[in-house]
Structure formats: C-alpha cells, structure tokens
Amino acid sequence: MTYALLILLDIIVLFAVWVRVAASNPKRWHVTVDATPKQMDGGVIMVTPGDSDTFKRLFDIAKATPRTRLLAGGADAGHATFITRSAVWGFPDYSTMQLHRAQNGDQIAIYARLRFGRKDLGVNSARVTDWLQRLHPTQSGSRKT
C-alpha cells in the first residue's frame, strides 16, 4: 500500500512538473484570430470594437493579469499572444488578441483557449470578460460573444 501511494505521488509530481515546463512554441499558439465570436468547450473568441489605442490598453490589461506573460507579438503589432497559468497546477492557457481593420469600424478579436484537456470550465471566457470590462468599465454590452 505504501509503495502504491509513493508511485501515485511520483506520478502527480511528474505531471505537475511536465505541465509547468512543457515548451510553448509561438508558431503553434500565436495564430491569426477570426473576428467571429464563438464559444467552445476549451475556450472562446470574443470581439469588441476598438482601434490601435484600444488595442494597446487591452494589451496592458492582459499583461497586468496575474501569472500572465507575453509569448509573441506586441502592442504595436496589433497582434499578441499571452500565456496565463492557473494558480495551483500552472496549467497554461493561451490568449491571442488581434486588431482587425474594417470599413465599418475596427475590431479587436480575442481567442482564449486551453492547452491541456478538453473543457476549461469557463475560465478563459471569464478572463476575457474581465479584460473587456476593464477596457470598457462604463459600457455594459460592449462585448460580443
């Protein structure tokens, strides 16, 4: 029984280490984001009106999120991908935001998704919703899903 518990503990520790050290290839995660809102089991695409100044504000909001770091892109490029890790296990979620210019108004599309598993239990949607509420604190309904 003791050996079985030790083996189980070893497996849990190895899994936790693997999740935290698994490489994040920017070519895989820094993708073009379609400006069509969509809800998925493992993530979400949300769209909000915004120009390059709005994008830079959203970029700063994302960058200031706890356990979040920039993977690729930048504010000046109008295209950026962030990794946000969960507090306990350190699971990585990827959020790519991209500025889309259009004649009927510029938009920012945000694609937030998980890396491991199939369902994110609404974590990515909640994070993006929080970012958009911080971006537009006086506008309810500025978010499109």
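For the reader, a short list of remarks on this structure follows.
- Cα gyration tensor of region 1-132 - equivalent ellipsoid semi-axes, whole Å, descending: 33, 14, 12
- Spin-label model distance (nm) - V88 vs Q39, 7 Å beyond Cα toward Cβ: 2.5
- The chain, helix-only ellipticity at 222 nm - DSSP H runs n ≥ 4, -39,500 (n - 2.57), divided by all residues, nearest 500: -10500 deg cm²/dmol
- Per-residue extension of 0.36 nm, minus the Cα-Cα distance of D130 and V31, leaves a gain of 33.4 nm for this segment.
- Applying 1/(1 + (r/R0)^6) with R0 = 22 Å to the Cβ-Cβ distance of R69 and R101 gives a FRET efficiency near 0.20.
- Looking at region 27-121, the accessible area is 52 square angstrom per residue; that uses a 1.4 Å probe and ignores ligands, DNA and RNA.
- Note on S52 and L8: the model spin-label points, each 7 Å out from Cα along the C-beta direction, lie 5.7 nm apart.
- Taking the 1.4 Å solvent-accessible surface of the chain as the whole, the part contributed by carbon and sulfur is 57%.
- Heavy-atom accessible area ranking, 1.4 Å probe, most first, across T129, T32, T48: T32, T129, T48
- Among the trypsin sites (Lys or Arg not before Pro) found in region 82-125, those both in a DSSP coil and sparsely packed, with 12 or fewer other Cβ atoms within 10 Å of their Cβ, are R101, R118, K119.
- Solvent-free Debye scattering, log10 I(q)/I(0), computed from the Cα coordinates of region 2-65 at q = 0.12, 0.26 Å⁻¹: -0.59, -1.19
- In degrees, nearest ten, helix 2-21 long axis to first principal axis of the chain (Cα): 30
The values are calculated or read from the model by the stated rules, or taken from the named source; none is laboratory data. Every value quoted in this text rests on a predicted model; they were computed, and no experiment measured them. Quick reminder, even Gly has a Cβ in these numbers, built from the backbone with ideal geometry, and neighbours come from all protein chains shown. Ligands, DNA and RNA are excluded from the accessible area calculation, which covers all protein heavy atoms including side chains. Shrake-Rupley method; radii C 1.70, N 1.55, O 1.52, S 1.80 Å.
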